[in-house]
Amino acid sequence: MILISCPNCGPRDETEFHYGGQAHVAYPEDPYALTDEEWGRYLFYRENPKGLFAERWVHSGGCRKWFNAIRDTTTYRIAAVYRMGETQPSLVSGEKTGEKIAGGAK
Amino acid sequence: MAEQTLIAPITELRRSPAAHLAAEFAAAEVAGPYSVALREVPFQTMVGLRVAPGTDAARRVEERLGTALPARCGEVAQGADSSVLWLGPDEFLAVSSADPAHATAHLVEALGGDPGSVVDLSANRTTFELKGTAARDVLEKGCPLGLHPRAFAVGSAYATQLGPVPILLWKTGSDSWEIFPRASFADYLGRWLLDAMREFHAAP
Ligand SMILES: [Zn+2]
């Protein structure tokens, strides 16, 4: 069991949460202008990095709000949580997604 | 005359979700140093409230409630005739013994045409009251939250689970708790609590 810190409720068991996939996948400006392949890529293609990954989570067993989390896919360590609409912490923007953060592995 | 006998007893005819367990709850009461008692508090009025804090609509609702909306997780605001539980940043539950239709209508009027919602949710959940020096030990058998007084202060309420059942848990006194399960979970959770209380019968 890992603890996930909801931005509204604080640390809670992972069983209270549901996963929402990769964060920051913007809805296309004009979906009608996309080719079938581009639309397919928007719908179905996601990153699958080894290391830090910005993801959406929802606290279904608590405040029922969506938020973003940056999770290390190799260690399950959650490096940051931030609300919907907030900018992604510089933690990842300075490093490439897929790169491990120092001290992350235990 | 005939009309009166048809209409008047409607509220008297309703049955609370755990009414059939009342005798078992009473028989399960434990006295002594590890005391614990369970009963259902039927038909509390619960009005679900969604409004964004800080808006004009929220201010009108707060005026009607007689309190500011609770601002953070765990907080319960005491209004003029209701307690307002924090369920989310823009979601609250006003619990009272007021008439549900009136309580709802007042808040609907306060919200006006602004974004948000006011819904009578009284039938959605029932209330279990768990009291006694061993009440916390009973809850700790199936609740993932920290229930130590340091973490869970008197007067606070949280959405959590008891066993596999999602509940709202409100600490109303140092040894008393109110548990709000959804109506369809009342039978299961009632029996779960009876089972969790059983060991204290054997306590010295
Ligand atoms: Zn939450």
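A compact table of results
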| quantity | calculated |
| --- | --- |
| Student exercise, region B:34-181 dipole from Lys, Arg, Asp, Glu Cβ charges, in Debye to nearest 20 | 440 debye |
| Alpha-carbon Rg/Rh ratio, for region B:45-120, with Rh computed the Kirkwood way | 0.90 |
| Cubic angstrom per residue, convex hull over Cα atoms of region B:1-100 | 171 Å³ |
| Residue among A:P49, A:Q88, A:T75 farthest towards the positive dipole end of chain A, charges placed on Cβ | A:T75 |
| In region B:71-144, the chymotrypsin sites (Phe, Trp or Tyr not before Pro) that fall in loop regions by DSSP, at most 15 other Cβ within 10 Å | none |
| Pairs of Cα atoms farther than 15 Å apart, chain A, % | 65 percent |
| Where only C-alpha atoms are counted, convex hull volume of region B:10-62 per residue in Å³ | 158 Å³ |
| Cα convex hull volume per residue for chain B (Å³) | 136 Å³ |
| For region A:31-61 and region B:142-196, distance of Cα centres in Å | 38 Å |
| Descending Cα extents along the principal axes, the protein assembly as shown, whole Å | 72, 56, 35 |
| With 10 Å bins from 0: P(r) over region B:164-204, alpha-carbon pairs, percent | 26, 46, 26, 2 |
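Taken together, the values in this text are just the output of simple stated rules run on the coordinates, not laboratory data. Since the structure is predicted, the reported quantities are computational estimates derived from the model, not experimental observations. Every residue, glycine as well, gets a Cβ built from its backbone with ideal geometry; the counts of neighbours run over all protein chains shown.
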